[in-house]
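Input: a single structure, listed below in structure tokens.
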Amino acid sequence: MIDFWLAAGLLLLIALSFLLIPVLRGRRAQREEDRTALNVALYQERVAELQVQQDEGVLNAAQLDSGRAEAARELLADTEGVEKPRESRLGKPLPLLAAVLVPVLGLGLYLHFGASDKVELTREFSQPPVSMQDMTQRLERAAVAQPDSAEGLYFLGRAYMAQDRPADAAKVFERTVALAGRQPELLGQWAQAQYFADNKQWSPKVQALTDEALKLDPKEVTSLGLLGIAAFEGQRYQEAIDYWSRLLAQLPAQDNSRAALQGGIDRAAQKLKESGGTVAQKAVMKVRVDLSAEVKAKALPTDSVFIFARAVNGPPAPLAAKRVTVAELPVTVELGDADAMMPQLKLSNFPEVQLVARISRAGQPTTGEWIGRSQPVASSTTALQQLTIDTPDK
């Protein structure tokens, strides 16, 4: 901060110079004005002496006029080059008073409205933290300096979770949601923190948060993982398998957490078998999607393609869905229970389904430009299904 205050001091000196230089110039002008007044007085005294000498007969009229002219030339010579005094409506005390008040008011206003703490935080965050506690302390100071920063609060909540402080994290995530809106990821983080803050006791509040998160985004990973944990702790092993399987389907192939998650699924399956239950078989359908020649000539590479299965006799909502782009076609995808939009609407719960692929330039799964539909097919089939997008979507 030393360089900041040095720069501020330099700017203050520049500002004061604009106030004090006119005062100093005024003093110089006053001295010039006083000297001019003295010269005028001497001129008048000299003219008076010449008049007395004429009255006494010492000088005649011509000599009197010559003396007056000489005195006038001397007066002009003495006053030549003197600037006309400037008039000031402010007077002398006001600039001096302003010179004192400017630094005082400037410092007070900066301390009230300024951002020296944020400048210091920026400098501090430019250096790597020495520990997790150090990072948490920095984030806490940032939250105080920027209470309206949802991003700063989010990272503070994550830091609290890493330090096993779920109660503090739950409060911070609640503030984050209030600032950034009820986004699925934030709701999932809030639910997870609240669950651990309540000593792993499932509550209506946590249930409401996870329900809301999955309604907004059926693939919200934190909520899926949390529901799997709660189901496992409650010995509802099939539910745990279902939630963790859905989560596993969202993770990239190179994600390091896949192994641990698969281990959890295997343990839940083992527990289910030990309790006398059987693991429900998952329906998985393989679908190859391509375009007809006519559609291929009209579709754009960036157009969205929604591939989904829906029940022949059942609700119109998709049972499982995937999203790709025209540029990726032809493509083969798998639709299964792990891709279920809602837990109660799984592919394996319906014997017959219809496969649909829709191109939507606007990115809307319900409306588009072209569509392809299959005939009813058993959800248990393992054969590769071919689906061609070839019809205008009306």
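The values are calculated or read from the model by the stated rules, or taken from the named source; none is laboratory data. No experiment lies behind these values; they were computed from the predicted model shown. Neighbour counts run over all protein chains shown; Cβ positions are idealised from the backbone, glycine included.
Could you please find all residues in the range 332-356 being over 37 Å from the mean Cα position of the chain (by Cα) and more than 15 Å from ARG246 (Cβ to Cβ)?
Within the range 332-356, THR332, PHE350, PRO351, GLU352, VAL353, GLN354, LEU355, VAL356 meet the criteria.
Across the range 256-308, what is the number of residues that are within 40 Å of the chain's Cα centre (by Cα) and outside the structural domain of LEU335 (by TED's automatic domain parsing)?
Final tally of qualifying residues: 10.
Could you tell me which numbered condition ALA213 fails, if it satisfies all but one of (1) in contact with a helix residue (DSSP H, G or I) (Cβ under 9 Å, 6 or more places away or on another chain); (2) farther than 26 Å from ASP148 by Cα; (3) free of Cβ contacts under 8 Å to residues at least 60 places away in the same chain?
The single condition ALA213 does not satisfy is (2).
Given the criteria touching a strand residue (DSSP E or B) at 6+ places or on another chain (Cβ under 8 Å), assigned to a strand (DSSP E or B) and of a type in the set (S, T, N, Q), does THR367 qualify?
Values: touching a strand residue (DSSP E or B) at 6+ places or on another chain (Cβ under 8 Å): yes; assigned to a strand (DSSP E or B): no; of a type in the set (S, T, N, Q): yes.
Taking the combined requirement at face value, the residue does not satisfy it.
Checking the structure you have, find out if any residue of the range 370-378 is surrounded by fewer than 15 Cβ atoms within 10 Å (Cβ to Cβ), part of a loop (DSSP other than H, G, I, E, B) and aliphatic (A, V, I, L, M).
no
May I ask you to verify whether ALA193 is in contact with a helix residue (DSSP H, G or I) (Cβ under 6 Å, 6 or more places away or on another chain) and part of a helix (DSSP H, G or I)?
Working: in contact with a helix residue (DSSP H, G or I) (Cβ under 6 Å, 6 or more places away or on another chain): yes; part of a helix (DSSP H, G or I): yes.
Judged against the criteria, ALA193 is a match.
State which residue is nearest to ASN313 (Cα to Cα) when the search covers only the range 345-369 and only residues that are crowded, with 16+ Cβ neighbours inside 10 Å and among the basic types (Lys, Arg).
LYS346
Looking at the range 295-350, which of its residues are aliphatic (A, V, I, L, M) and in a loop (DSSP other than H, G, I, E, B)?
Within the range 295-350, the subset aliphatic (A, V, I, L, M) is 295, 297, 299-300, 305, 307, 309, 311-312, 317, 319-321, 324, 326-327, 329, 331, 333, 335, 338, 340-342, 345, 347.
The answer is ALA299, LEU300, VAL312, ALA317, LEU319, LEU329, MET341, MET342, LEU345.
Given the options GLN194, GLN238, GLN201, GLN207, name the one that is crowded, with 19+ Cβ neighbours inside 10 Å and of a type outside the set (A, V, I, L, M, F, W, C). It would help to see each step written out before you state the result.
Numbers: GLN238 fails: crowded, with 19+ Cβ neighbours inside 10 Å; GLN201 fails: crowded, with 19+ Cβ neighbours inside 10 Å; GLN207 fails: crowded, with 19+ Cβ neighbours inside 10 Å.
Within the list GLN194, GLN238, GLN201, GLN207, the selection yields GLN194.
Taking ALA259 as the residue in question, decide whether it is farther than 25 Å from SER348 by Cβ, among the hydrophobic types (A, V, I, L, M, F, W, C), surrounded by fewer than 17 Cβ atoms within 10 Å (Cβ to Cβ) and at pLDDT below 90.
Working: farther than 25 Å from SER348 by Cβ: yes; among the hydrophobic types (A, V, I, L, M, F, W, C): yes; surrounded by fewer than 17 Cβ atoms within 10 Å (Cβ to Cβ): yes; at pLDDT below 90: yes.
When the stated conditions are applied, ALA259 passes them.
Does the range 170-190 include one or more residues that are surrounded by fewer than 17 Cβ atoms within 10 Å (Cβ to Cβ) and more than 23 Å from SER149 (Cα to Cα)?
no
Which one of ASP290, ASP255, ASP266 is part of a loop (DSSP other than H, G, I, E, B) and among the charged types (D, E, K, R)?
Values: ASP290 fails: part of a loop (DSSP other than H, G, I, E, B); ASP266 fails: part of a loop (DSSP other than H, G, I, E, B).
Of ASP290, ASP255, ASP266, the one residue that is part of a loop (DSSP other than H, G, I, E, B) and among the charged types (D, E, K, R) is ASP255.
Identify the residue in the range 138-158 that is in a loop (DSSP other than H, G, I, E, B) and crowded, with 16+ Cβ neighbours inside 10 Å and, among all such residues, is modelled with the lowest pLDDT. It would help to see each step written out before you state the result.
Filtering the range 138-158 down to residues in a loop (DSSP other than H, G, I, E, B) leaves 146-149.
Pick out the ones that are also crowded, with 16+ Cβ neighbours inside 10 Å and you get 146, 149.
Numbers: GLN146: 85, SER149: 88.
Only one residue tops the list, namely GLN146.
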